[in-house]
Amino acid sequence: MSIIKSRDFRAFLLLLLGLLAIGLFYRYHHVQIGVCEIRAEGYEKKAALPISEPSQRPQTYRYTCSIHASFAQSVKVGIAVDEQLRKLWLNDQEIALESLRTQYQKPLLDDWERGFPFVLQLQKGENILMVEGFDQGGRFGLKIAQSLDLLEYLLLFVVGVLPLVSGLYLLLFERLLGGWWDSYRHALKMRHWLLAVVVAGIALRAALLVAAPNTMYQHDYQGHVDAIHYYAEHPFTLPQSDKSLQFPQQPLYYWISAGIYNAAVALDAQEHEAIFAIRAASLAYAALALFLVYAMAGLYLQSALGQLLFVGFAALTPSLVIMGAVVNNDALNALLGVWALYALSSYVRTCKERYFWSASLAIILAALTKISALLLALYFVAWLLLLYWREGADRRVLQWRILGFGLAVLLVFGFALLKAHVPVNGEFRFVNSALYGNQIIPALDFGYLFSFYFSALIDAAQSHVTSNDAVRFSLPTYLYGTMLMGEFDYRSYWSSGGFFKLVSQLMLFLGALWVVGLAAYLYCWRALGRLQQMLVVAVGINLLLVLQFLSQFWVVCNSDFRYFAPTFGAVGLIFAAGIERLYERFERIRTLVSVWAVLLLAIQTLWVLMLLVKV
């Protein structure tokens with residue numbers, strides 16, 4: 001009986017049940033789409049999905065695909081035809097498209113990038129899906145990908161994801177991180193409601209992962225995929241940095257993603273399924289980062305409100321939710337940045353060697369993901385120097401640690417130089433950015449650097465990278481807007497009914513709480529503890545790197561908040577620390593601040609849920 005009641009037994013049981021449920025769900029819900037036969041006038045071919053072929057003239061193509069289902073079921077799929085979807089049959093029964101045209105106000109079903117959703121009523125065994133599309137010339141093609149509806153997602157999350165995550169948490173969390181807080185357990189005071197916010201953040205990312213197509217809400221998608229393909233085929237050969245958009249990037253993310261890609265291909269996954277697996281890895285990075293944020297809240301913040309705001313910022317801010325469900329190296333970089341900040345904080349408090357090596361490892365891995373993460377190395381060195389001059393410090397030990405860490409950083413920086421070097425012209429190419437014509441910032445002057453067009457942002461209800469408004473030509477305004485909702489265009493969702501634009505405007509209005517937190521942090525900086533004070537150093541170095549990047553390529557997309565990925569944790573702590581200080585000093589506004597905070601986190605969650613419905 002004691003074994004059955006033990007924590008480890010329950011953890012293993014939950015883990016086993018979760019894995020079993022997910023496996024059974026995949027086995028019986030997932031449908032296999034076989035090779036498709038393509039027919040057109042004077043053309044006949046068989047090809048695996050996704051299909052994209054060159055064409056010489058306008059022509060109608062008919063695709064016949066076999067779908068195998070384990071049992072009779074309805075499945076949600078996305079279907080995209082290059083260029084126009086004309087007709088659709090399932091098992092010789094034509095599927096009416098008029099309601100779809102009316103629903104999306106699209107007289108022509110011609111969205112090759114995102115396609116359109118269908119619910120197919122499959123019979124047990126083989127099903128024949130026929131798709132007729134028209135191509136104007138250039139390229140023709142077909143993409144089909146299975147998705148989940150809301151009820152299927154809820155079922156999968158309750159019976160599979162929830163026990164799996166709970167089992168992993170019970171089994172690993174204290175083993176991996178327990179020593180980090182045992183020496184100062186009194187300072188952490190974790191709350192179950194904080195864990196609930198973390199789980200909510202993971203659930204939102206998981207929902208977006210299964211609801212959105214692989215190419216939606218992406219930055220430089222094709223560049224990332226090209227780099228993954230390269231490393232999948234040539235894992236030990238560094239590419240020349242100028243040959244593809246993401247080739248100058250550090251390789252750690254692409255090595256990991258290439259391993260996932262090759263494993264998926266070895267399991268007979270199709271291209272879109274392999275890319276989906278890489279997106280799922282982004283969800284895993286985000287989930288681990290949220291658990292670290294959950295554990296770190298008590299290190300920096302004393303009040304329940306401060307901890308809620310910090311965890312809520314990391315878990316529920318829409319742009320960070322999106323980042324945890326797409327193909328990108330920022331999710332991994334953010335995880336390593338939070339890990340580095342947590343380990344560094346532990347080392348500053350205890351000066352124990354294991355925390356020093358933990359922080360060093362996290363920073364080195366972050367710098368192998370994106371070279372900009374070397375700012376964390378500067379931040380760590382600043383802390384080591386402060387500790388060196390602290391009374392009673394063991395300076396001899398610190399000298400050797402500074403030397404060892406410095407040599408490791410030098411090795412990584414030298415590797416970055418080697419990777420960025422283009423031998424023919426002797427250039428070091430760290431990025432492949434350019435001056436895109438419709439994004440050029442007129443001048444990096446005082447107005448651009450210090451203006452804040454709050455009313456214009458509320459009116460625009462978004463911070464789109466190519467919008468025709470003042471938002472994108474003000475660095476603080478654009479950073480604020482992209483911090484909350486990214487730099488994407490949501491206008492197509494406004495016209496389809498509902499209150500999406502109104503909710504967007506309300507979120508941007510309530511998000512001013514983060515601006516208040518930043519102002520309160522700067523105003524009360526002298527009264528804060530040393531750990532909180534030093535946060536501004538990390539974020540300040542990050543800001544200088546962004547400004548340096550903008551001075552080279554003065555285009556709007558280079559001022560996106562995602563460039564603060566290594567310091568997302570520090571940014572959230574600054575906001576929360578400022579608001580916590582404000583809450584402590586001014587009793588009269590405590591109710592206002594508390595209500596404001598809860599409303600902001602609630603409206604951010606609502607916005608993401610509405611986005612899922614729109615997708």
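The values are calculated or read from the model by the stated rules, or taken from the named source; none is laboratory data. Keep in mind that what you see is a predicted model, and the values were worked out from it rather than measured. For neighbour counting, all protein chains shown are included, and Cβ atoms are generated from backbone atoms with ideal geometry for every residue, glycine included. SASA here: full protein model, heavy atoms, side chains in, ligands and nucleic acids out. Shrake-Rupley method; radii C 1.70, N 1.55, O 1.52, S 1.80 Å.
Can you tell which of GLY306, GLN32, ALA289 lies farthest toward the positive end of the dipole of the chain, using +1 and -1 charges on the Cβ of basic and acidic side chains (Lys, Arg; Asp, Glu)?
Most positive-ward Cα: GLY306.
List the chymotrypsin sites (Phe, Trp or Tyr not before Pro) within region 29-74 that DSSP assigns to loop and that have no more than 11 neighbouring Cβ atoms inside 10 Å.
PHE71
Could you provide, to the nearest whole Å², the per residue accessible area of the chain with probe 1.4 Å?
45 Å²
Which of rounded, prolate, oblate describes region 466-558, given a ≥ b ≥ c as roots of the alpha-carbon gyration tensor eigenvalues and a/c under 1.5 marking rounded, otherwise prolate only if a/b is larger than b/c?
oblate
Using +1 on the beta carbon of Lys and Arg, -1 on that of Asp and Glu, and nothing else charged, what's the dipole of region 19-160 about the Cα centre, debye to 20?
180 debye
Ordered by residue, what ³J(HN,Hα) values in Hz, to whole numbers, does region 312-319 give under the Karplus form 6.51 cos²θ - 1.76 cosθ + 1.60, where θ = phi - 60° and Gly and Pro are x?
Running phi through 6.51 cos²θ - 1.76 cosθ + 1.60 with θ = phi - 60° gives x, 4, 5, 8, 10, 5, x, 5 Hz.
Please list, in chain and number order, the residues 5+ apart from LYS106 or on another chain whose amide H is under 5 Å from its amide H, with Hs placed from the backbone.
Under 5 Å from the amide H of LYS106 lies no amide H from a residue far enough along the sequence or on another chain.
Please sort 511-517, 573-579 by packing, taking for each peptide the average over its residues of neighbouring beta carbons within 10 angstrom, highest first.
573-579, 511-517
I'd like the distance between the alpha-carbon centres of region 46-69 and region 293-329, rounded to an integer number of Å.
44 Å
Once phi is turned into ³J(HN,Hα) by the Karplus curve 6.51 cos²θ - 1.76 cosθ + 1.60 with θ = phi - 60°, what whole-Hz value does each residue of region 371-388 show in order, with x for glycine and proline?
Residue by residue, region 371-388 yields 5, 5, 5, 4, 4, 5, 5, 4, 5, 5, 4, 4, 5, 4, 5, 4, 5, 4 Hz.
Taking K and R as +1 and D and E as -1, what net charge do the other residues with C-beta under 15 Å from the C-beta of ALA382 add up to?
+3
Net charge near VAL412: determine it from the other residues with C-beta under 13 Å of the C-beta of VAL412, scoring Lys and Arg +1 and Asp and Glu -1.
+2
Using helices alone, what [θ] at 222 nm do you get for the chain, with -39,500 (n - 2.57) per DSSP H run of 4 or more residues, divided over all residues and rounded to the nearest 500?
The per-residue figure over the chain is -18500 deg cm²/dmol.
For region 397-404, take each phi angle, set θ = phi - 60°, evaluate the Karplus expression 6.51 cos²θ - 1.76 cosθ + 1.60, and give the result in whole Hz per residue in order, putting x for glycine and proline.
Going residue by residue, I get 4, 5, 4, 5, 5, 4, 5, x Hz, with x marking Gly and Pro.
Among SER463, VAL158, TRP193, whose Cα lies farthest out toward the positive end of the dipole of the chain, if unit charges sit on the beta carbon of Lys, Arg (+1) and Asp, Glu (-1)?
Checking the options against the dipole of the chain, the answer is TRP193.
Report, in listed order, any pair from LYS87/LYS124; LYS45/LYS419; LYS46/LYS614 with a Cα-Cα distance greater than 32 Å.
LYS45/LYS419; LYS46/LYS614
Please give the net charge around PHE71, taking every other residue with its beta carbon less than 15 angstrom from that of PHE71, where Lys and Arg add +1 and Asp and Glu add -1.
With Lys, Arg at +1 and Asp, Glu at -1, the net is 0.
Helix 271-300 against the longest principal axis of the chain: what's the angle in degrees, Cα atoms only, rounded to the nearest 10?
The two axes meet at around 20 degrees.
Can you list the chymotrypsin sites (Phe, Trp or Tyr not before Pro) in region 471-510 that are in a DSSP coil and have 14 or fewer other beta carbons within 10 angstrom?
Taking region 471-510 and a limit of 14 other Cβ atoms within 10 Å, the loop chymotrypsin sites (Phe, Trp or Tyr not before Pro) found are PHE499.
Looking at LEU13, GLN59, LEU49, which one has the Cα that reaches farthest to the positive end of the dipole of region 1-114 (charges on Cβ: Lys, Arg +1; Asp, Glu -1)?
LEU13
About its Cα centre, what dipole magnitude does the chain give when the only charges are +1 on Lys and Arg Cβ and -1 on Asp and Glu Cβ, stated in debye to the nearest 20?
About 2020 debye.
For helix 590-614, what angle does its Cα long axis make with the longest principal axis of the chain, in degrees from 0 to 90 and rounded to 10?
20 degrees
Take the alpha carbon gyration tensor of region 272-394, find the square roots of its eigenvalues, order them as a ≥ b ≥ c, and report rounded if a/c is under 1.5; if not, report prolate when a/b exceeds b/c, else oblate.
Note, shape of region 272-394 comes out oblate.
Using the Cα gyration tensor of the chain, with a ≥ b ≥ c the square roots of its eigenvalues, what is the shape: rounded (a/c below 1.5), prolate (a/b larger than b/c) or oblate (neither)?
prolate
With all protein chains present, how much of the accessible area of region 462-573 (probe radius 1.4 Å) comes from carbon and sulfur, to the nearest whole percent?
Ligands and nucleic acids excluded, carbon and sulfur reach 68 percent.
Which loop GluC sites (Glu not before Pro) in region 40-94, with loop taken from DSSP, have no more than 12 other Cβ atoms within 10 angstrom of their Cβ?
When the GluC sites (Glu not before Pro) of region 40-94 are filtered for loop state and at most 12 Cβ neighbours within 10 Å, GLU41 remain.
Cysteines of the chain lacking any other cysteine beta carbon under 4.7 Å?
CYS351, CYS524, CYS557, each lacking another Cys Cβ under 4.7 Å.
Could you pull out every residue, at least 5 positions away or on a different chain, whose amide H is within less than 5 Å of the one on VAL555? Hs are placed 1.01 Å off N in the peptide plane, and Pro or chain starts have none.
HN-HN under 5 Å from VAL555: ILE441.
To the nearest 10 degrees, how steeply does helix 330-350 sit against the main Cα axis of the chain, on a 0 to 90 scale?
That works out to roughly 20 degrees.
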